[in-house]
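The structure appears right after this line, and notes come after that.
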Amino acid sequence: MSENPADELNLVFNRFNLGNLNGITEASGYNLGGILKWQCLCDQCFMPIPSLPAYLNIDSLIINHEMLGNAEINSIWDDDRKHWM
């Protein structure tokens, strides 16, 4: 990454098993399950308000052995309103 606005950092988790986090989360009382797909593209990272559009999908989210179902979250920056959507 640099201050060049054309530089981008693309972070991707594809088919990450959330159960791999249980060593960290169980101390707080949470047991997780499900398969995570997450993508975040950071460009203009050194600007006062960086662009960080993100997509998160969890297939078969389980918390404390209770099946909650599928989850999907998308975020985009609304430049006109100056906030995340």
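The values are calculated or read from the model by the stated rules, or taken from the named source; none is laboratory data. In this text, all values refer to a predicted model and were calculated from it rather than measured experimentally. FYI the Cβ positions are ideal-geometry reconstructions off the backbone, even for glycines, and counts take in every protein chain you see.
Residues considered: ILE24, ILE49. Of these, the only one that is of a type in the set (Val, Ile, Thr), at pLDDT below 80 and not in a strand (DSSP E or B) is ILE49. Across segment 36-46, the qualifying residues are those that are assigned to a strand (DSSP E or B) and within 16 Å of ASP7 (Cβ to Cβ), and the one among them that is modelled with the highest pLDDT is CYS40.
Going through ASN14, ASN4, ASN70 one at a time, which residue ends up being part of a strand (DSSP E or B) and modelled with pLDDT under 95? Result of the check over ASN14, ASN4, ASN70: ASN14.
If you go through segment 73-85 and keep only what is aliphatic (A, V, I, L, M) and at pLDDT below 65, you end up with just MET85.
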